[in-house]
Amino acid sequence: MLCPICQSEIGTVEHLLFDCPWTKAVWFGNAINLRVVKGSIPNVASWTNDLIVSGLPKDVTMQLLSRVATIGWYIWKSRNEFIFNHIPVDPSATLQCIAHEWAERDLLVRLSQNSVSPLESPSPEPPSAWSPAAYGCFKINCDAAFCHRASKAALAAKAVQRIHRPSRPDSNTNG
Ligand SMILES: [Zn+2]
């Protein structure tokens with residue numbers, strides 16, 4: 001059966017989660033910045049197992065698996081919203097849900113470790129892996145969305161260059 005979203009590939013689990021074009025922006029646009037090459041994940045179970053035995057520290061692995069599971073869950077939810085409620089897939093909206101979920105989870109973990117007082121808890125902020133470009137370099141931030149049914153695609157890109165060399169606060173030579 002063809003994928004109901006792109007209608008161009010068989011709707012396997014691997015396609016729905018990783019290879020359907022709209023999901024690429026979701027995997028890349030969140031804090032783990034996973035760039036999925038089409039066909040590079042032929043089996044979700046073995047890919048997950050590879051993560052587990054990758055040799056990363058256990059806490060890092062657990063956090064990574066938790067994040068991967070959250071991303072997969074929200075991609076699945078978006079796919080179901082598309083099929084059952086005819087809501088177009090929207091990578092930006094899915095990313096916002098993921099960021100919100102992570103921020104809430106991080107806050108709960110900090111609260112459970114008593115590192116934050118409930119009354120002083122800041123509002124959840126979406127986590128970000130973005131960092132400024134090094135001096136003399138530039139970065140291109142981009143995101144894309146695609147709706148097969150409406151035959152519409154959108155791509156946004158923004159070049160960011162650090163023009164000013166970071167200065168030390170005491171480097172003012174006046175006087
Ligand atoms: Zn598809």
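Kindly indicate whether any position in region 77-91 is modelled with pLDDT of 95 or more, away from the ligand (no atom under 16 Å from the Cβ) and either among the aromatic types (Phe, Trp, Tyr) or part of a helix (DSSP H, G or I) (or both).
yes
Can you find a residue that is farther than 17 Å from Asp90 by Cα, assigned to a helix (DSSP H, G or I), within 16 Å of the ligand (Cβ to nearest atom) and of a type in the set (Val, Ile, Thr) anywhere in region 34-46?
yes
Looking only at residues that are surrounded by fewer than 20 Cβ atoms within 10 Å (Cβ to Cβ) and touching a residue at least 60 places away in the same chain (Cβ under 8 Å) in region 22-31, which one is farthest from the chain's Cα centre (by Cα)?
Lys24
Could you tell me whether Glu9 is free of Cβ contacts under 8 Å to residues at least 60 places away in the same chain and in contact with a His (Cβ under 6 Å, 6 or more places away or on another chain)?
Yes; evaluated as a whole, the condition is true for this residue.
Are there any pairs, at least 6 apart or on different chains, whose C-beta atoms fall under 6 Å, with the first in region 77-96 and in contact (Cβ under 8 Å) with a residue 60 or more places away in the chain and the second surrounded by fewer than 16 Cβ atoms within 10 Å (Cβ to Cβ) and not charged (D, E, K, R), and if so, which?
Ile83/Pro4
The values are calculated or read from the model by the stated rules, or taken from the named source; none is laboratory data. Worth saying up front: this structure is predicted, and the values here are computed from it rather than measured. Cβ atoms come from the backbone with ideal geometry, glycine included; neighbour counts cover every protein chain shown.
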